[in-house]
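Worksheet: one structure, shown below.
The values are calculated or read from the model by the stated rules, or taken from the named source; none is laboratory data. All values reported here derive from a predicted model rather than from experimental measurement. Cβ coordinates were reconstructed from backbone atoms using ideal geometry, including for glycine residues, and neighbour counts include every protein chain displayed.
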Amino acid sequence: MNTKQTISKSKIWSWLEEVIDPEIPVLNVVEMGIVRGVEFEGESLIVKITPTYSGCPAINAIEMEIHKKLKEKGIENFRVVTDYKESWTTDWMTDHAKKKLKDYGIAPPDKSLKSDDFLANLKGSQKIVPCPWCDSMDTELESEFGSTACKSQYYCNNCDQPFEHFKCI
């Protein structure tokens, strides 16, 4: 199949939106900002991905799911390239992804580079992270690490619920 002439980049992007992040099943790899580019090199499709951090255990699973999805859609001539030139940042997550995280019960990150970041308001020596369930600011850090290294574990004193916070990276 002549991939470049038959399939548009926008169609490929839409197919990649069907690939779910294996560690956060409410998000796909495009809205996470993991897929960084879709290009054609001659007749070959190149999909560039960046892991959320260099030791991310999910990157191999993500690459395999992208392979599976593209083959399922009839694409045979492609490569998935893991690109470490730029460090992934939570700023690459879409606003829609952050809303989906909150709705799922994970406190989303705010913009990591913003100097007036509301998460920089300190409570003692810890960041104040609003509860995704009740929006209370009366929360406490329980552990720097949650179910994955990119999340921390918090507890809400208002609604008595534990929750994870996706760290600003």
Keeping to region 112-147, report how many residues are modelled with pLDDT under 95, surrounded by 16 or more Cβ atoms within 10 Å (Cβ to Cβ) and not hydrophobic (A, V, I, L, M, F, W, C).
-> 2
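Given the criteria part of a strand (DSSP E or B) and surrounded by 13 or more Cβ atoms within 10 Å (Cβ to Cβ), does Val30 qualify? Spell out how you get there, then give the answer.
Values: part of a strand (DSSP E or B): no; surrounded by 13 or more Cβ atoms within 10 Å (Cβ to Cβ): yes.
No.
Table: residues versus (1) touching a Lys or Arg at 6+ places or on another chain (Cβ under 7 Å); (2) crowded, with 16+ Cβ neighbours inside 10 Å; (3) in a loop (DSSP other than H, G, I, E, B).
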| residue | (1), (2), (3) |
| --- | --- |
| Trp13 | no, no, no |
| Pro25 | no, no, yes |
| Val38 | yes, yes, no |
| Cys56 | no, yes, yes |
| Glu65 | no, yes, no |
| Lys71 | no, no, no |
Looking at (1) touching a residue at least 40 places away in the same chain (Cβ under 8 Å); (2) over 11 Å from the mean Cα position of the chain (by Cα), find the lone condition where Glu63 falls short.
-> (1)
